[in-house]
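Heads up, the thing below is written out as structure tokens.
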């Protein structure tokens, strides 16, 4: 369980994290989403006590991380890929960290096996690819067999097989009742992995809800209807309080109304339907809508030519 | 209350880190080659030019200190060793892993301090004793001259024995002088958190500061420069005091390790209070 209360972090004039309150519960994978510069990594550093908050507080399993003693059996973290000395091999890297927390040597072999790095364990980690670096980072997080896992962009640089492996691993941990808090900028990946989402933008909380809920509330989610009497149907739907747009293929896109309501309107007006379906927004769409106002770095939109009039 | 169990584990971890990177071996090897090689070369040069010394040079000639001059060059390599123990954590980003594994950050610095101090002192003692023995072998070929008349004293040679007053203390002192310098390097690296910056600071404190002190008015010069690390630390390996301005053994040792403790304490304070 991770609990943040009014968490705020200022660097000079910049507010990196602004009055953030949230709870990450055990038993589900919680995704941490936000545009670049939203404060995700800062929040994770605050959780681990690496940075101290300007105000507010954050606790892991009820206590501040910096007060914890030999914390690796409680909390495992992956902060940035390849935060390892390139001249040191994977085995010694893991063993040196295991020693700080009294973790036995055989556990090092176990986690190397678990992440599939046994073959290269004695090679200098400087030659590792980004994907291998991520696997080593995940191995580090697993060393103490922790009940809370905090992972910053764990699938960054992984191939599709690696992404699938991380997804299954995280779901497996959550199913064991562990707390899994994972940040990513890959929305489609989060939609598949995370059951709950915490979305931040410019350091502020934007959404804290179930993933399905975030998608359902997106304006991109709508009811799609095709009918030979499309115009008549559109009028009836609008009379009933829905909003209708007609897509280029001639199908109606109905917002603010469930598929059941649309079906009933069609039936009571004796309109023939060729299709009635719910079209879910992608998490990406939902995310873009949520964070539209809070993107830190944005390229000029393509229609702005920059030519002054 | 000191948690000795945690300190022991932190030392074990730092020891694994230290022996699993090449820079450790390179810096130690460079220190040994530079230290012993240059000590021998400089002792040979001193032995060769002894016959041309004037009375002043003969009075202040210190066969012990003059057999270990190469340590001044070897100390640069060990200074880099002391810096890298901390600065490599920052340059690689490993520091965030280290400090989240041991949230009691002071223990990380304590473990690094103990290891850096012990390893560098042991290496420096090997260099010092080897250099001393080679140097005395060289000096044993040169006949001593009367300090004032410059006449050869038959049967008396330049070399000194470890059993002569203060000689054993000075050879051990040379080892501990290097150990102290490595701790100053570690303290500076903890404060500065950057390899190149910390190495520059070490060189600045041990070499440039002496030169800057010479720009002071002469009335102040000795009062200031005798307390600077490089000058104060000389007391550790001096048998024949070089003039009245040099601190003697006990105050020199206290001032020298006072500097090391000061830099480490500032580093410790900053490490505990700054964001990682």
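Where a number appears in this text, it was derived from the coordinates with a stated rule and is not lab data. Since this is a predicted model, take the numbers as computed values, not measurements. All Cβ positions, glycine included, derive from the backbone under ideal geometry; neighbour counts span all protein chains shown.
Using alpha carbons only, how many angstrom separate the centre of region A:269-290 from the centre of region B:48-121? Taking the Cα centre of each part, region A:269-290 and region B:48-121 sit 70 Å apart.
Considering only DSSP beta bridges whose two residues both sit in the protein assembly as shown, what percent are antiparallel, to the nearest 5? Restricted to the protein assembly as shown, the bridges split so that about 65 percent are antiparallel.
Quick one: which of B:156-169, A:108-121 comes out on top by average Cβ neighbours within 10 Å, and what's the full order, highest first?
Ranking the peptides B:156-169, A:108-121 by packing returns A:108-121, B:156-169.
Residues considered: A:24, A:262, A:182. Largest GNM mean-square fluctuation over chain A, using C-alpha springs under 10 Å, is found at A:262.
Under 8 Å for C-alpha pairs, at least 6 residues apart: give me the relative contact order for chain B, rounded to a whole percent. Present the calculation step by step, with values, prior to reporting the outcome.
Values: 414 pairs, mean separation 61.6, N = 276.
In percent, rounded to a whole number, it is 22.
Using a simple spin-label model with pseudo-atoms 7 Å out from Cα toward Cβ, residue B:246 and residue B:25 lie 3.8 nm apart.
Among the residues of A:242-252, the average count of other protein chain beta-carbon atoms within 10 Å of the residue beta-carbon is 0. If you run the Gaussian network model on chain B, springs between alpha carbon atoms under 10 Å, then out of B:70, B:173, B:37 the most flexible one is B:37. With contacts taken as Cα pairs under 8 Å and at least 6 residues apart, chain A reaches a relative contact order of 21 percent. Measuring between their Cα centroids, region A:222-260 and region B:179-238 lie 81 Å from each other.
Across peptide B:101-109, the average count of Cβ atoms from other chains found within 10 Å of a residue's Cβ is 5.
Projecting label points 7 angstrom from Cα along Cα→Cβ for residue A:239 and residue B:209 puts them 9.1 nm apart. Taking the longest Cα principal axis of chain A as reference, the axis of helix A:259-268 is set at about 10 degrees.
Neighbour counting of Cβ atoms within 10 Å sorts the residues A:69, A:93, fewest neighbours leading, into A:69, A:93. When A:136, B:220 are arranged by Cβ crowding within 10 Å, least crowded first, meaning fewest neighbours, the order is B:220, A:136. For chain A, DSSP calls about 65 percent of its internal beta bridges antiparallel. Extents of region B:4-273, taken as max minus min of Cα coordinates on every principal axis and listed largest first, are 69, 42, 31 Å. Roughly how tilted is helix A:230-239, in degrees to the nearest 10 and between 0 and 90, from the longest Cα axis of chain A? It works out to around 80 degrees. Legend: calculated FRET efficiency, residue A:105 to residue A:172, from the Cβ-Cβ distance at R0 = 22 Å, rounded to 0.05, equals 0.35. Based on alpha-carbon centroids, what's the gap between region A:84-119 and region A:150-176 in Å, whole number please? Cα centroid to Cα centroid, the span is 19 Å. Distance between the pseudo-spin-label points of residue A:80 and residue A:159 (7 Å out from Cα toward the beta carbon): 2.7 nm. Rounded if a/c is under 1.5, else prolate if a/b beats b/c, else oblate: with a ≥ b ≥ c from the C-alpha gyration tensor eigenvalues square-rooted, which is region A:222-279? Since a/c stays below 1.5, the shape of region A:222-279 is classed as rounded. GNM remark for chain A: springs join alpha carbons under 10 Å apart, and the peak mean-square fluctuation among A:227, A:280, A:147 falls on A:227. Please say if region B:176-259 is rounded, prolate or oblate, where rounded means a/c under 1.5 for a ≥ b ≥ c the square roots of the C-alpha gyration tensor eigenvalues, and otherwise the choice is prolate for a/b larger than b/c and oblate otherwise? Oblate is the answer for region B:176-259, as a/c is 1.5 or above yet b/c matches or exceeds a/b.
Below 8 Å between Cα atoms, with a sequence gap of 6+, how large is the relative contact order for region A:222-279 in percent? Rounded, it is 51 percent for region A:222-279.
Full extension of the chain between residue B:48 and residue B:146 gives 33.6 nm of extra length, using 0.36 nm per residue less the Cα-Cα distance. Per residue of peptide A:49-60, the mean number of Cβ atoms on other chains within 10 Å of the residue Cβ is 2. Rounded to the nearest 10 degrees, the inclination of helix A:130-142 to the longest alpha-carbon principal axis of chain A is 70 degrees.
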